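The values are calculated or read from the model by the stated rules, or taken from the named source; none is laboratory data. None of these values were measured; they are calculated from a predicted model. As a convention, Cβ positions derive from the backbone with ideal geometry for all residues, glycine included, and neighbour counts pool all protein chains shown. Quick note on the areas: whole protein, heavy atoms, side chains included, nothing else; ligands and nucleic acids left out. Shrake-Rupley method; radii C 1.70, N 1.55, O 1.52, S 1.80 Å.
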Amino acid sequence: MDVRALRYFVETVSCASFTQAAKKLFVTQSTVSKMIRQLEDEVGTPLLIRDGHTARPTDTGRIVYERGLHILGAMRQLSAEVRQAVDLERGELEVGIPPMINLLFIPVVQRFRERHPQIRLSLREGTGQAVERLVAAGELEVGATVLPVAAPGPLQARRFGSYPLWAVGPADAAWAGKATLPLGALREVPLLIPTEDFALTRRLRQACESAGFEPQVAAQSAHWDFLAAMAGSGLGTAILPEPLVQRLKTRGLSTARLARSGVQWEVGHIWVRDRYLSYAARAWLEVCESVLGTRGRSRAQAAAQA
């Protein structure tokens, strides 16, 4: 059913006049008559009783008029809600973020709430690999993870940060006093690393293999502060990204940055390639770029240090 013809019909019944309806609709009377005749042909029965310039609905015309009011009202509501979504005045967004990355997003969430207070934002925590699975399955529009993601695959990635990894150990660690360490220096050192479902662990194992050795894993945990605590107790050397080390109280600990020839902690957003992204998701990516991108990274790092 032609919605425009329905609107012309409803307006004509409301005005009880073709002439008045045409004036309100800013069209000619002949246009109104033509559209209503098309509607009657589609319904298969007369809808109006024509008496000169006046018009009254038939029995079926009353049904179409009453239903038409609801349909046109729903169309107006639909248009309003679509416009609100486009203008980011309503909507919701759920973003997947691994626990080791979430501290980077404090200034992002603040900026997003300032810009788009009407968007209901939810953050779902999960390991990088879990976030990747949720995004690939369509349960999340966007997420953050440690790069690179598996290729070839359905996910598209956009990097927003690259940070060095640091070795954190007890005060009497064999490598204590050194400012930087090559990854190979940890060949015989018991390591404390995240659990296997963390993307960072996947990257560490790949880097160690490239360096020609298999890491000696002493313990694993999903909590970076627990890894640091175990390192401080002399159980081994924890490998942590720089933003996390900046939050540690390093008194009584040995710390050294892994040389760039080792492995970097590269983090980015992921979404399914060629899949539609909502206006809220696009707005989130724009805010992240402004806060965590090249221009905003120094501010984010300062917030992480604070």
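Looking at Gly138, Gly161, Gly143, Gly169, which is the one that is within 25 Å of Arg275 (Cα to Cα), open to solvent by less than 20 Å² (accessible area, probe 1.4 Å), of a type outside the set (Ser, Thr, Tyr) and at pLDDT 90 or above?
On inspection, the qualifying residue turns out to be Gly143.
Conditions tested, residue by residue: (1) among the acidic types (Asp, Glu); (2) at pLDDT below 90.
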position: Glu188; (1), (2): yes, no
position: Arg203; (1), (2): no, yes
position: Ala211; (1), (2): no, yes
position: Ala218; (1), (2): no, no
position: Trp224; (1), (2): no, yes
position: Ser233; (1), (2): no, no
Determine which member of the set Leu253, Leu292 is within 24 Å of Leu204 (Cα to Cα), in the same structural domain as Gly143 (by the TED database) and either at pLDDT below 85 or in contact with a Gly (Cβ under 8 Å, 6 or more places away or on another chain) (or both). Leu292
Starting from segment 172-187, keep only residues that are on the phi > 0 side of the Ramachandran plot, then list their pairs with residues that are assigned to a strand (DSSP E or B) and surrounded by 15 or more Cβ atoms within 10 Å (Cβ to Cβ) whose Cβ atoms are within a distance under 9 Å, requiring at least 6 positions of separation or different chains. Gly177/Ser254; Gly177/Ala256
Show the residue pairs meeting these rules: Cβ distance below 6 Å; 6+ apart or different chains; first residue within segment 140-153 and within 21 Å of Ala207 (Cβ to Cβ); second residue in a loop (DSSP other than H, G, I, E, B) and open to solvent by less than 20 Å² (accessible area, probe 1.4 Å). Ala144/Ile101
Any strands (runs of 3 or more DSSP E) falling wholly within segment 2-121 and containing at least 3 residues that are more than 30 Å from Ala137 (Cβ to Cβ): 48-51, 54-57
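Does segment 233-253 hold any residues that are closer than 20 Å to Ser162 by Cα and open to solvent by 10 Å² or more (accessible area, probe 1.4 Å), and which are they?
Taking segment 233-253 and keeping what is closer than 20 Å to Ser162 by Cα, we get 238-248.
The answer is Glu242, Val245, Gln246, Arg247, Leu248.
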Filtering segment 24-44 down to residues that are in contact with a strand residue (DSSP E or B) (Cβ under 9 Å, 6 or more places away or on another chain) and among the β-branched types (Val, Ile, Thr) yields Ile36
Could you say which residue among Ser122, Ser33 is in contact with a Phe, Trp or Tyr (Cβ under 8 Å, 6 or more places away or on another chain) and hydroxyl-bearing (Ser, Thr, Tyr)? Ser33
Lone qualifier among Leu240, Leu258 - being farther than 27 Å from Glu141 by Cα, at pLDDT 90 or above and more than 29 Å from the chain's Cα centre (by Cα): Leu258
I'd like to check something: does segment 81-88 contain any residue that is open to solvent by 40 Å² or more (accessible area, probe 1.4 Å), among the β-branched types (Val, Ile, Thr) and either within 30 Å of Phe112 (Cβ to Cβ) or in contact with a Gly (Cβ under 6 Å, 6 or more places away or on another chain) (or both)? yes
Does any residue of segment 260-283 turn out to be open to solvent by 40 Å² or more (accessible area, probe 1.4 Å), in contact with a helix residue (DSSP H, G or I) (Cβ under 6 Å, 6 or more places away or on another chain), outside the structural domain of Met100 (by the TED database) and farther than 18 Å from Glu188 by Cα? no
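Looking only at segment 233-249, count how many residues are part of a loop (DSSP other than H, G, I, E, B) and in contact (Cβ under 8 Å) with a residue 12 or more places away in the chain.
Residues flagged as part of a loop (DSSP other than H, G, I, E, B) and in contact (Cβ under 8 Å) with a residue 12 or more places away in the chain within segment 233-249 amount to 7.
Matching residues to (1) in the same structural domain as Ala130 (by the TED database); (2) in a strand (DSSP E or B); (3) open to solvent by 10 Å² or more (accessible area, probe 1.4 Å):
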site	(1), (2), (3)
Ala173	no, no, yes
Lys178	no, no, yes
Gly212	no, no, yes
Ala231	no, no, no
Arg257	no, yes, yes
Restricting to segment 188-210, count the residues that are over 16 Å from Leu258 (Cβ atoms), outside any helix (DSSP H, G or I) and either hydrophobic (A, V, I, L, M, F, W, C) or without any contact (Cβ under 8 Å) to a residue 12 or more places away in the chain (or both). 1
Tally the residues that are under 30 Å from Val287 (Cα atoms) and crowded, with 18+ Cβ neighbours inside 10 Å, restricting the search to segment 180-199. 3
